[in-house]
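The values are calculated or read from the model by the stated rules, or taken from the named source; none is laboratory data. Every value quoted in this text rests on a predicted model; they were computed, and no experiment measured them. We place every Cβ from the backbone using ideal geometry, glycine too, and count neighbours over all the protein chains shown.
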Amino acid sequence: MATKRLQPVEDKLLDEGPTKKVKVEAESSDHPLPNETLHLSALRWIGDPTVMAGGDSFIYGTYIQALKNAPLSPVAWSDEHNTFVYRPPPGRTVKFVYRRASYGLDPSDDPDPDPEFAIVGDAEMQDPLMLLHRPSELNAFSATFKPPHLEDDEELDWDWEDNLQPVVGPPFVHWTEQQVDIMPTVPSRAGILFLEMPDLEAHRAELARNASPRAWGLSFTGKYQWNYWNGDWARAFIQQARTGQPLSVLDKPIIWDLDHVWGVKLRLAPVRESVEEIEGAVSPDSDAESESGKQWRDAIYSYRIVATVEDIYVSPKFFEQPEQSVEPDTDAETEEGSEVEVEENG
């Protein structure tokens, strides 16, 4: 697994992609606008889905910074959502880039894998994470790692849970033997948002047509499962990318946090040059059909998305005093502007 510095493709993509002007709602005299700027930060996942068997211990992915302290200003009150509307300052666009990849079974792979066969870091585990927060010198995100990762010559301290402290700032490296919990560094009423699939308009349309499309979560013989994007919609998408045709953008419905404290409206634009394909197995008509009945056709392996922030909806609850939580270990924070080397395979 090669080590490389994070830069090239994301910086270029942030200068491209469609933008869309959204109508500003009228300000309400009953709801004077807050007099403070808020920030938006985001994390993105790097790593390809990996097969794990037995008690393997390895790094299967890492969350790194995708967007840091992007300023947002209040512009209006929304009667529809009972929130303030925040947007980037005039003349500025807030974007970040992320990649999503799914596991693809190769035709030459063992058709009867280890009974403990599992896939870690698959597409549904790669959601970008977003957090609305007040300006702070600390990174917006912290994480705890349970249990701590040990080198071969180290032994676990049985009091580790009593001494567990959040680590401030990515990269947040994911080992297979750990549970990684990512949280706001500074206590807040706002929760972390997960940018879930679908993030392709073609995939959204397929899901709307078919509640259980054969394009996701296929399972053969009931023994094991792998995920990828295939079907007529995926092959049409691949053909459009190959031939330089426009790829439809997805105007994502508002994503809200658990307590409806804040939400974000995004426009998601796929990057044509980033589309990678594999040969994907097409499910037989019946699970009882023999393995020889499988067919292999073009399927989507991975793609990159440019996510453009359009509106941020902020409930008055955001500005209330939050409950207190564990103080993070600020000594572990990555310095502003420093480059971080991580192992990247995607």
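Within region 135-145, not a single residue is closer than 22 Å to ILE254 by Cβ, surrounded by 13 or more Cβ atoms within 10 Å (Cβ to Cβ), in contact with an Asp or Glu (Cβ under 9 Å, 6 or more places away or on another chain) and modelled with pLDDT of 80 or more. Considering only residues that are at pLDDT below 95 and not in a loop (DSSP other than H, G, I, E, B), which ones fall in region 182-220? Answer for region 182-220, where residues must be at pLDDT below 95 and not in a loop (DSSP other than H, G, I, E, B): ALA202, HIS203, ARG204, ALA205, GLU206, LEU207, ALA208, ARG209, SER219, PHE220. Of all residues in region 100-131, those that are surrounded by fewer than 22 Cβ atoms within 10 Å (Cβ to Cβ) and at pLDDT 95 or above total 2.
Looking only at strands (runs of 3 or more DSSP E) that lie completely in region 30-96, which have at least 3 residues being without any contact (Cβ under 8 Å) to a residue 12 or more places away in the chain and farther than 25 Å from ASP257 by Cα? It would help to see each step written out before you state the result.
Values: elements: 38-46, 50-52, 59-78, 83-87.
Where strands (runs of 3 or more DSSP E) fall fully within region 30-96, none carries at least 3 residues being without any contact (Cβ under 8 Å) to a residue 12 or more places away in the chain and farther than 25 Å from ASP257 by Cα.
Name the single residue, out of those in region 41-96 being modelled with pLDDT of 95 or more and of a type in the set (Phe, Trp, Tyr), that is surrounded by the fewest Cβ atoms within 10 Å (Cβ to Cβ). Among them, the one singled out is TRP77.
Quick check on region 221-230: of everything there that is within 17 Å of GLU277 (Cα to Cα) and not polar (S, T, N, Q), which residue is modelled with the highest pLDDT?
Here the residue is TRP229.
Taken together, GLU323, GLU289 contain a single residue that is at pLDDT below 95, more than 24 Å from GLY231 (Cβ to Cβ), assigned to a loop (DSSP other than H, G, I, E, B) and among the acidic types (Asp, Glu), which is GLU323.
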